[in-house]
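First comes the structure, then the notes that go with it.
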Amino acid sequence: MDSGHHRKERGRLVLRSIPLWSERHGLSGRADAVEVSRKTVVPVEYKSGVRHGRAADLQLCAQALCLEEMLSLQVPTGYVWYGAPRRRERVDLTLELREEVLAIVQEIRATLKTGTLPEAPNDTRCCECQLRPHCVPELTSSPARVNRYLNGTVFKCVT
């Protein structure tokens, strides 16, 4: 019964690449893995590098909020597996972490309504970011550089 999307491991079913959503919070996404046993459902997020910052914890918590709504149960913990040290770290999905996730969701929605992107930080966080090819922080962190590029290349009239 191993289709690549689920398999049994140590008495629990491991579901992979599971679509998630929460109508209540307006979230949708995909969990890398969800471990299901008789009494628990545990999201697991996989990261190729090492721990840096809280982003993976926040992502994991958003997944738990979706699972809770979808399955009508509590998801008190999750795990982030880091590839570089090959370690799995437990994340307690506290009320504080949940409130932080929901505040960030509201902040993102407010930013999207303005139609303008925030300035990219272009610091060490950018090195391993999966959105780097879309953000291009070397360019977008400098509004003057963007204007020079747009006026000198994109909007330049050649007659």
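The values are calculated or read from the model by the stated rules, or taken from the named source; none is laboratory data. As the structure is a computational prediction, the values presented were derived from the model and not from experiment. When we count neighbours, we look across all protein chains shown, and the Cβ atoms used for this are built from the backbone with ideal geometry, even at glycine. Please note that ligands, DNA and RNA were not included when accessible areas were found on the heavy atoms of the full protein model with its side chains. Shrake-Rupley method; radii C 1.70, N 1.55, O 1.52, S 1.80 Å.
Each of His134, His52 has its accessible area taken with a 1.4 Å probe; listed largest first, they run His134, His52. In the context of the full set of protein chains, the stretch 1-140 has a per residue accessible area of 68 Å² (1.4 Å probe).
With the Cα gyration tensor of the stretch 101-159 giving a ≥ b ≥ c as the square roots of its eigenvalues, does the rule (a/c under 1.5 for rounded; else a/b larger than b/c for prolate; else oblate) give rounded, prolate or oblate? Taking the square roots of the gyration eigenvalues as a ≥ b ≥ c, the stretch 101-159 is oblate. Within the listed set Pro85, Pro118, Pro133, the Gaussian network model of the chain (springs between alpha-carbon atoms below 10 Å) gives the highest mean-square fluctuation for Pro133.
Here the spin labels are modelled as points 7 Å beyond Cα on the Cα-Cβ line, and at Asn122 and Glu138 they lie 1.1 nm apart.
The phi torsions of the stretch 124-137, fed into the Karplus equation with coefficients 6.51, -1.76 and 1.60 and a -60° offset, translate into couplings of 4, 4, 6, 4, 10, 6, 6, 9, 3, x, 8, 7, 6, x Hz, rounded to whole numbers, with Gly and Pro shown as x.
Computed over the stretch 12-97, the range of Cα coordinates on each principal axis works out to 34, 27, 21 Å, biggest value leading. Of all DSSP bridge pairs formed entirely within the stretch 1-124, close to 85 percent run antiparallel.
Each of Cys135, Cys61 has its accessible area taken with a 1.4 Å probe; listed largest first, they run Cys135, Cys61. Using 0.36 nm per residue and subtracting the Cα-Cα separation, the extra length available between Thr40 and His52 on full extension is 1.6 nm.
Sketch the reach of a paramagnetic label on Leu73 as a point 7 Å from Cα along Cα-to-Cβ, and name the residues of the stretch 18-40 whose backbone nitrogen lies under 12 Å away. What the label zone holds, given the 12 Å backbone N cut-off, is 35-40.
Going by accessible surface with a 1.4 Å probe and the largest first, Cys157, Cys129, Cys66 read Cys157, Cys129, Cys66.
When Rg and the Kirkwood Rh are both derived from Cα coordinates, the Rg/Rh ratio for the stretch 75-135 amounts to 1.05. Classify the stretch 45-154 from the C-alpha gyration tensor, please: rounded if a/c falls under 1.5, else prolate or oblate depending on whether a/b exceeds b/c. In terms of gyration-tensor shape, oblate. Carbon-plus-sulfur accessible fraction, the stretch 1-153 (probe radius 1.4 Å, protein heavy atoms only): 55%. Relative contact order, whole percent, for the chain stands at 14, derived from Cα pairs under 8 Å and 6 or more residues apart.
When you filter the trypsin sites (Lys or Arg not before Pro) in the stretch 115-159 for DSSP loop state and at most 10 other Cβ atoms inside 10 Å of their Cβ, you are left with Lys156.
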